[in-house]
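Structure first, commentary second.
The values are calculated or read from the model by the stated rules, or taken from the named source; none is laboratory data. Predicted, not measured: the structure shown is a model, and the values here were computed from it. To get the accessible areas, we keep the full protein, side chains included, count just its heavy atoms, and leave off ligands, DNA and RNA. Shrake-Rupley method; radii C 1.70, N 1.55, O 1.52, S 1.80 Å.
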Amino acid sequence: MEILTEGWMILAALLPSIGLLFLFWVILKHIVEGDRRERAALRRWEAERDAEMADKSGESGERDKPMNSAG
């Protein structure tokens, strides 16, 4: 019977540490996933911005060229 009582005392002593470890793991997991989503969103935004800049530079390049009236 003494082993059972001692086991519960050990478990009661380790339970707060296990709970903090789980809480730390959950928080760190959310931080890493949030960072991953933020980086993906930034890449999408930069790609869209680059595409818009390429479209604008392509359009302005066509307007700057003189029109050929022969034709």
Whole-number accessible area per residue in Å² for segment 1-53, which is evaluated in the context of all protein chains at 1.4 Å: 97
Distance from segment 32-55 to segment 1-18 (C-alpha centre basis), Å: 51
